[in-house]
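S.K.: The structure that follows is given in the form of structure tokens.
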Amino acid sequence: MTDDDHSPDDSPLPSLSSPHDRDPGHPPAGIRWATRPETAADIAAVHAVNAAAFPTEAEADLVDALREDPSAWLPGLAYVAEAPDGSLAACALLTRCLVAGEPALALAPVATAPAYQRRGAGQAVVRALLDAARLRGESLVLVLGHPEYYPKFGFVPASRYGIRAGFEVPDEAMMALVLDGSAAVARGTIEYPAAFGV
């Protein structure tokens, strides 16, 4: 999980978190971030953006591993934001996870290229990705990230729904977003794809 200006070096969160969770979300006047689903042609650039946004290539490698896991990867739920010159400014990914055996989505990682951090690219790609999940009929998204950043998208502590991580994490950092208020929300422990290593 990431946004645009927080370094994980001073974060108590495990590697599911992002270094960029405080994007103010307002691009400079005149700049509009074009967002779209990732294509096969974007794979190398997505790896590069994740590698540049984090202190190691662990998150970039995580995306590659998730892409190879058919039980986790959901075609159409990996999004990118393009810079005005057509290069990739940011990327975000939703993969299948479970809560007490019921399907949910995990938002991670979210990454913004250093040149575009704190300019709204991260927020634009997350909003587009969440809209795509709603259109697919998904009902629940989970994120482990900085509580100053993700509530702007509607996330609240997952504990409000009786959802918890299977590892130690601050309550306010494990968050949930209900996309479909008419669906029942499963209560219980989150089961992440194996690639997360948790």
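The values are calculated or read from the model by the stated rules, or taken from the named source; none is laboratory data. In this text, all values refer to a predicted model and were calculated from it rather than measured experimentally. With ideal geometry, Cβ positions are generated from the backbone for all residues, glycine too; neighbour counts draw on all protein chains shown. Side chains are part of the model used for accessible areas, which takes the heavy atoms of the whole protein and leaves out ligands, DNA and RNA. Shrake-Rupley method; radii C 1.70, N 1.55, O 1.52, S 1.80 Å.
S.K.: For region 151-161, indicate whether the set of residues that are open to solvent by less than 50 Å² (accessible area, probe 1.4 Å) and hydroxyl-bearing (Ser, Thr, Tyr) is non-empty.
M.R.: no
S.K.: Somewhere in region 114-122, is a residue open to solvent by 10 Å² or more (accessible area, probe 1.4 Å), in a strand (DSSP E or B) and either touching an Asp or Glu at 6+ places or on another chain (Cβ under 9 Å) or not hydrophobic (A, V, I, L, M, F, W, C) (or both)? Even if it seems obvious, please write down each step before you answer.
M.R.: Kept after step one, since they are open to solvent by 10 Å² or more (accessible area, probe 1.4 Å), are these residues of region 114-122: 114-119.
Then keep just the ones that are in a strand (DSSP E or B); that gives none.
No - not one qualifying residue is present in region 114-122.
A quick yes/no check of all residues on (1) open to solvent by less than 20 Å² (accessible area, probe 1.4 Å); (2) in a helix (DSSP H, G or I); (3) among the small types (Gly, Ala, Ser):
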{"position": "Val125", "(1), (2), (3)": "yes, yes, no"}
{"position": "Ala132", "(1), (2), (3)": "yes, yes, yes"}
{"position": "Val143", "(1), (2), (3)": "yes, no, no"}
{"position": "Glu172", "(1), (2), (3)": "no, yes, no"}
{"position": "Ala176", "(1), (2), (3)": "yes, no, yes"}
{"position": "Ala186", "(1), (2), (3)": "no, no, yes"}
{"position": "Ala195", "(1), (2), (3)": "no, yes, yes"}
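S.K.: Here's another thing I want to ask about it. Going by what's in this entry, would Gly181 be described as more than 20 Å from Leu74 (Cβ to Cβ) and open to solvent by less than 10 Å² (accessible area, probe 1.4 Å)?
M.R.: no
Let's see how each residue does on (1) touching a helix residue (DSSP H, G or I) at 6+ places or on another chain (Cβ under 9 Å); (2) surrounded by fewer than 24 Cβ atoms within 10 Å (Cβ to Cβ); (3) of a type in the set (A, V, I, L, M, F, W, C):
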site: His47; (1), (2), (3): yes, yes, no
site: Gly76; (1), (2), (3): yes, yes, no
site: Ala83; (1), (2), (3): yes, yes, yes
site: Leu88; (1), (2), (3): yes, yes, yes
site: Leu107; (1), (2), (3): yes, no, yes
site: Arg136; (1), (2), (3): no, yes, no
